1. Would you kindly identify the helices (runs of 4 or more DSSP H) lying entirely within the range 343-437 that contain at least 3 residues that are buried (at least 19 other Cβ atoms within 10 Å of the Cβ)?
2. Can we say residue 214 is within 13 Å of ligand 1 (Cβ to nearest atom), closer than 18 Å to residue 146 by Cβ, under 24 Å from the mean Cα position of the chain (by Cα) and touching a residue at least 60 places away in the same chain (Cβ under 8 Å)?
3. Do we find a residue being surrounded by fewer than 22 Cβ atoms within 10 Å (Cβ to Cβ), in contact (Cβ under 8 Å) with a residue 60 or more places away in the chain and in contact with a strand residue (DSSP E or B) (Cβ under 8 Å, 6 or more places away or on another chain) anywhere in the range 175-193?
4. Could you list, in sequence order, the residues of the range 36-64 that are under 19 Å from residue 371 (Cβ atoms) and touching a helix residue (DSSP H, G or I) at 6+ places or on another chain (Cβ under 9 Å)?
5. Across the range 39-74, which residue is nearest to ligand 1 (Cβ to nearest atom) among those that are in contact with a strand residue (DSSP E or B) (Cβ under 6 Å, 6 or more places away or on another chain) and in a loop (DSSP other than H, G, I, E, B)?
6. Would you be able to tell me the number of residues in the range 231-271 that are surrounded by 15 or more Cβ atoms within 10 Å (Cβ to Cβ), more than 23 Å from the chain's Cα centre (by Cα) and under 30 Å from residue 299 (Cβ atoms)?
7. Would you say residue 129 is part of a helix (DSSP H, G or I), closer than 25 Å to residue 154 by Cβ and either at pLDDT 95 or above or within 16 Å of ligand 2 (Cβ to nearest atom) (or both)?
8. Looking only at the range 83-111, which residues are touching a residue at least 40 places away in the same chain (Cβ under 8 Å) and in a loop (DSSP other than H, G, I, E, B)?
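The values are calculated or read from the model by the stated rules, or taken from the named source; none is laboratory data. Since this is a predicted model, take the numbers as computed values, not measurements. Cβ coordinates were reconstructed from backbone atoms using ideal geometry, including for glycine residues, and neighbour counts include every protein chain displayed.
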Ligand SMILES: C[S@@+](CC[C@H](N)C(=O)[O-])C[C@H]1O[C@@H](n2cnc3c(N)ncnc32)[C@H](O)[C@@H]1O
Ligand code: SF4
């Protein structure tokens with residue numbers, strides 16, 4: 001059955017780290033005043049209770065990994081560091097001036113690019129600057145991601161002294177042939193040295209990022225990679241499907257299409273990796289993520305408190321994510337805003353004294369309801385709209401879009417509920433797409449994600465007739 005489903009549901013789907021997804025954001029965008037209002041609303045809702053989460057984007061990388069789809073500025077020139085940190089601290093001050101009280105920070109993640117592109121001295125300057133006027137909440141969770149090659153003892157110590165206890169290493173794949181294809185030579189010995197060093201310094205949680213579907217990956221190379229991973233035993237793993245968008249990323253145009261595992265071959269790589277990880281005690285969390293028993297992510301999944309934001313899965317359920325730096329995305333729950341995408345445009349806007357907004361979206365009432373259901377499915381694999389506050393007309397159409405998946409054993413539909421089965425978990429994205437009203441309404445997105453506009457029209461008509469009949473019967 002799994003193989004047939006892999007074929008049938010091989011169309012791409014958004015990762016749903018947000019709803020609406022970025023391509024569906026309103027073209028009206030968001031003004032500086034609307035953004036300030038949305039931030040204050042998010043602050044008043046959650047600062048005293050759950051606190052807020054922060055993300056900081058460091059866009060620079062010394063390396064150029066050809067597979068990479070991140071927002072990265074490749075350079076060897078470290079004179080970029082100082083003006084960028086100055087801008088981050090200025091942007092931070094602009095937020096602090098807007099909030100009506102002292103901010104409580106529960107979670108901070110520094111990502112990129114490569115945060116350890118910054119010197120240890122500059123990392124310390126950044127952290128000290130951020131926390132000079134805000135509270136670190138008790139039990140705060142500070143994490144950063146890094147490329148093992150550019151991580152030194154001094155970097156790890158600077159971050160540890162700043163309160164960081166979690167480190168995420170980009171591994172991708174250990175096979176030398178695959179590494180050559182993606183221009184990322186990185187030996188097992190080097191990775192082991194950095195992982196051991198981090199643990200010795202006192203980091204209590206180590207995450208690895210792996211990717212399947214890279215050029216020249218085979219079942220044999222994945223087996224070998226996962227065996228090496230098992231030796232180092234990270235607490236958590238992200239096992240991402242390679243996203244191939246050569247029209248957007250020049251590096252990806254260097255790959256030969258025939259070297260890329262797709263469809264069943266790609267799914268088999270994931271299935272193999274998953275089976276190996278599960279055989280030694282890792283548990284799949286939602287989609288793409290694994291954790292060992294006892295890890296906070298695993299416990300959150302077990303107790304139904306898992307959350308998902310732009311960073312992926314987290315055990316922390318803060319409502320507001322405040323993001324600094326180029327291309328980063330903030331979320332107040334009621335509104336999203338993305339910063340200027342390049343470091344140059346970002347620094348310029350901040351130096352001119354305005355929030356460096358590139359685009360944004362104010363959520364409609366329908367967006368807020370659908371967002372809740374997509375979040376429930378991604379985190380708990382079930383959702384219900386028995387509560388009228390969680391109902392919107394679109395859900396009648398959603399149920400019809402899911403009927404075929406029910407026939408395929410992927411979901412169980414109730415009158416006002418959906419539950420994902422074991423067989424449906426690998427297809428969470430496809431299941432969430434049934435709730436994505438904006439995707440189905442858009443010509444360009446329905447084309448990009450291979451969903452049929454004619455079928456969509458049929459669903460809408462059927463839902464309208466069913467509603468009419470129900471109303472007549474009352
Ligand atoms: C900012 S990078 C990680 C930190 C660091 N720069 C490094 O490379 O080690 C974030 C992660 O995104 C994932 N990623 C990047 N490009 C991807 C793509 N095209 N498809 C799937 N995952 C991708 C990789 O697993 C990568 O580790
Ligand atoms: S994978 Fe990491 S190091 Fe490589 S280019 Fe992307 S962000 Fe930079």
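1. Numbers: elements: 343-351, 365-380, 394-401, 403-407, 428-433.
Filter on the range 343-437 gives 343-351, 365-380, 394-401, 428-433.
2. Values: within 13 Å of ligand 1 (Cβ to nearest atom): yes; closer than 18 Å to residue 146 by Cβ: no; under 24 Å from the mean Cα position of the chain (by Cα): yes; touching a residue at least 60 places away in the same chain (Cβ under 8 Å): yes.
No.
3. Within the range 175-193, one or more residues are surrounded by fewer than 22 Cβ atoms within 10 Å (Cβ to Cβ), in contact (Cβ under 8 Å) with a residue 60 or more places away in the chain and in contact with a strand residue (DSSP E or B) (Cβ under 8 Å, 6 or more places away or on another chain).
4. The answer is 39, 52.
5. 72
6. Residues meeting the conditions: 1.
7. Working: part of a helix (DSSP H, G or I): yes; closer than 25 Å to residue 154 by Cβ: yes; either at pLDDT 95 or above or within 16 Å of ligand 2 (Cβ to nearest atom) (or both): yes.
Judged against the criteria, residue 129 is a match.
8. Result: 99, 100, 101, 103.
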